[in-house]
Amino acid sequence: MQRTGHSFPASVLKSIRDRKKQKAKAAPSEGTRPAGTLVASYNVHKCVGVDRKFDPERIGRVIREIGPDVIALQEADNRFGDRAGLLDLLRLELETGLVPVPVSGNGKGHGWHGNVLLFKRGIVRNVHQIKLPGLEPRGALVAEIDLDEKRTLRIIAAHLGLLRRSRSEQARVVLEIMNRPDEKPTLLLGDLNEWRLGNRSALNTLHTTFGPAPPAVPTFPSSLPLLSLDRIMANRHGMISTVEAHDTPLSRVASDHLPLTGFVRL
């Protein structure tokens, strides 16, 4: 049967070749890292590592390695029951300066449907919690952050479903959040659960606002990344640079996903 777009075997082979060319590295230091706002997306897998150990402190150490200005976390709350948060946010704030975007009616949870958006500096406004359609409980958190007096960044932190049909519907909801493609500088951060590229991708509907998808960076599974499930996308060309997986010995074991990072220039 003929298949359009990139085939799974081709993408896997390319990921293996690219990985062999790269050395594990931590986030660049403040003195050497590129200019701009460092953003990241990280599925923390309910703080359970590939060694099957529940270790929230280890997730915090990975976040400290990254040193982000803004980070979107997925699966940071229990999925069922009281949806209690799994991280020590007070300790994380003391160690990194990151504070969570406030959400309403979240009970014991950190965020919204497991999505937590943390930022280091600025003023947050216009926070919206979006329930995404589909068989699984999925959501998106939308917030505008005034980074300073002149720069405002809108962020959509999302975790899309495992089913392709659900992802397509959820992507359309993300587009409905956007009033106009050029209204505000906007980032889409999250685990979009789509490894396909080309015509078979459920994310094609996003192209009208976010343009062609940026180069896919494998982040899953963390021990040998083959699939590009996590994405950082912008509604303005050239707004994102240096998108890469945060691939270190610690991040390979802390979760089944590697964090994805990028620099934003407004």
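The values are calculated or read from the model by the stated rules, or taken from the named source; none is laboratory data. It should be emphasised that the depicted structure is a prediction, and the values quoted were computed from it without experimental measurement. For neighbour counting, all protein chains shown are included, and Cβ atoms are generated from backbone atoms with ideal geometry for every residue, glycine included. Each accessible area value is taken on the protein alone, full model and side chains, heavy atoms only, with ligands, DNA and RNA left out. Shrake-Rupley method; radii C 1.70, N 1.55, O 1.52, S 1.80 Å.
Brief remarks on what is shown
- Of all residues making up the range 192-210, the number that are farther than 14 Å from Glu169 by Cα and either open to solvent by 20 Å² or more (accessible area, probe 1.4 Å) or among the polar types (S, T, N, Q) (or both): 9
- Pair list, Cβ < 6 Å and 6+ apart or interchain, from the range 57-86 residues that are open to solvent by less than 60 Å² (accessible area, probe 1.4 Å) to residues that are in a helix (DSSP H, G or I) and of a type in the set (S, T, N, Q): Val62/Ser251
- Residue list for the range 90-99, filter: without any contact (Cβ under 8 Å) to a residue 24 or more places away in the chain, touching a strand residue (DSSP E or B) at 6+ places or on another chain (Cβ under 8 Å) and in a helix (DSSP H, G or I): Glu93
- Being touching a helix residue (DSSP H, G or I) at 6+ places or on another chain (Cβ under 9 Å), crowded, with 20+ Cβ neighbours inside 10 Å and at pLDDT 95 or above is a property that Ser222 has.
- Scanning the range 128-185 for residues being closer than 22 Å to Ser104 by Cα and without any contact (Cβ under 8 Å) to a residue 24 or more places away in the chain gives a total of 2.
- Members of the range 225-266 that are among the hydroxyl-bearing types (Ser, Thr, Tyr) and surrounded by fewer than 18 Cβ atoms within 10 Å (Cβ to Cβ): Ser241, Thr242
- Whichever residue in the range 87-119 is surrounded by fewer than 13 Cβ atoms within 10 Å (Cβ to Cβ) and not aliphatic (A, V, I, L, M) and, among such residues, is modelled with the highest pLDDT: Arg91
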